[in-house]
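Here is the structure we will look at, set down as structure tokens.
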Amino acid sequence: MIKKAVIPAAGLGTRFLPATKSMPKEMLPIIDKPIIQYVVEEAIASGIEDIIIITGRGKRAIEDYFDTSPELENHLLQNEKYKLLREVKDISSLADIHYIRQKEPKGLGDAVLKAEKHVGDEPFAVLLGDDIVKGNVPCIGQLMNLFEKYNKSIIAVEEVPKEKVSSYGMIKGREIAESTYLVEDIIEKPSLEEAPSNIGTVGRYVLVPEIFDGIKETSPGKGNEIQLTDAIKMLMEKGEVYAYAFSGERYDAGDKLGYVKAIIDFALEREDLRGEIERYLQEIVAVLPQNFKIK
């Protein structure tokens, strides 16, 4: 049973500059909850008990967020804001969270490698800190269930639009069961012409501990970084790697458009916001020019 998860959250957040100059992108709020809390809650809902967050310089706000805040808690208590007090206290007791710093942004593979001593020789989950996946069954939980069957590394995948292919690790796979592929090749951020398919990896993995040896043997790749995709390709030389087209909706909250979509969709799910948001959206549509076309 997988009990440990690694959440890489050390990236520089360049897609959200200048906001991320002094604020971790993982702490950007989806209304009133930061992105990374959704990721942590997904891991916990899947049965993860031990979480390692890989941070970097300027990411102290993540540690502070999941820590206790006696001054704030006392202020809320004194002002009889008991509902908010419960919410704030619940955050600090979500899970057993540890922090490891990646001193330089050397890529996702290097970030995962930082967790080797803590993970040890156990299989473990990896959840990227700026991907939110919404579904009836948590995405990482779906991968963990499949791992129980195959006992091999599992990658979450989905179909990728042509214009986004160069931003993903793209796989070639043979479908062996519904939504399940045996991975035959994987290429990090290929051109459209180089891509082996339109199926790309997303920010959820279940990995066997042998991945650490693969990372150590991996030379810098795209962007002069140690790519996890390249280490997975090396892992395939020693055994099977599977991919799973998960059930659910994913938001790339590290991307401006994905972030805005997440805010709108999550707002429409909340009883305290849905009515006003729906009316506002209807007002916007009503004033659009008749010849307006969505590009």
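The values are calculated or read from the model by the stated rules, or taken from the named source; none is laboratory data. Please read all numbers here as calculations on a predicted model, not as lab measurements. Counting neighbours? That spans all protein chains shown, and the Cβs are built from the backbone with ideal geometry, glycine included.
Brief remarks follow.
- Residues satisfying the stated conditions in region 36-49, i.e. touching a strand residue (DSSP E or B) at 6+ places or on another chain (Cβ under 8 Å) and assigned to a loop (DSSP other than H, G, I, E, B): SER46, ILE48, GLU49
- Complete set of residues in region 147-188 that are in a loop (DSSP other than H, G, I, E, B), farther than 14 Å from VAL206 by Cα and in contact (Cβ under 8 Å) with a residue 40 or more places away in the chain: VAL160, SER179
- Filter result (out of contact with any strand residue (DSSP E or B) (no Cβ under 7 Å at 6 or more places or on another chain), outside any helix (DSSP H, G or I) and touching a residue at least 24 places away in the same chain (Cβ under 8 Å)) within region 1-29: MET1, GLY11, LEU12, GLY13, SER22, MET23, PRO24
- Only one of LEU128, LEU182 that is at pLDDT 95 or above, in the same structural domain as GLU210 (by TED's automatic domain parsing) and either among the aromatic types (Phe, Trp, Tyr) or touching a strand residue (DSSP E or B) at 6+ places or on another chain (Cβ under 6 Å) (or both): LEU182
- Every pair of residues 6+ apart whose Cβ atoms lie under 7 Å, when the first sits in region 191-209 and is within 12 Å of VAL157 (Cα to Cα) while the second is of a type in the set (Asp, Glu): ASN198/GLU159; ILE199/GLU159; GLY200/GLU158; VAL202/ASP131; VAL202/GLU158; GLY203/ASP131
- Residue list for region 145-160, restricted to those being surrounded by fewer than 23 Cβ atoms within 10 Å (Cβ to Cβ) and within 23 Å of MET1 (Cα to Cα): ASN145, LEU146, PHE147, GLU148, LYS149, TYR150, ASN151, LYS152
- When region 165-209 is filtered for residues that are of a type in the set (Lys, Arg) and exposed (fewer than 13 other Cβ atoms within 10 Å of the Cβ), only ARG174 remains.
- Selection within region 199-230 - of a type outside the set (S, T, N, Q), assigned to a helix (DSSP H, G or I) and more than 16 Å from the chain's Cα centre (by Cα): ILE211, PHE212, ASP213, GLY214, ILE215, LYS216, GLU217, LYS222, GLY223, ASP230
- Candidate set from region 113-127 (those that are under 22 Å from GLU217 (Cα atoms) and within 14 Å of the chain's Cα centre (by Cα)); member that is surrounded by the fewest Cβ atoms within 10 Å (Cβ to Cβ): VAL126
- Selection count where residues are out of contact with any strand residue (DSSP E or B) (no Cβ under 9 Å at 6 or more places or on another chain) and not basic (Lys, Arg), scope region 209-222: 8
- In region 131-179, of all residues being polar (S, T, N, Q) and modelled with pLDDT of 90 or more, the one that is farthest from VAL208 (Cα to Cα) corresponds to ASN136.
- ASN136 surrounded by fewer than 13 Cβ atoms within 10 Å (Cβ to Cβ), touching a residue at least 12 places away in the same chain (Cβ under 8 Å) and polar (S, T, N, Q): yes
- Flag for ILE36 being closer than 18 Å to ALA115 by Cβ and buried (at least 21 other Cβ atoms within 10 Å of the Cβ): yes
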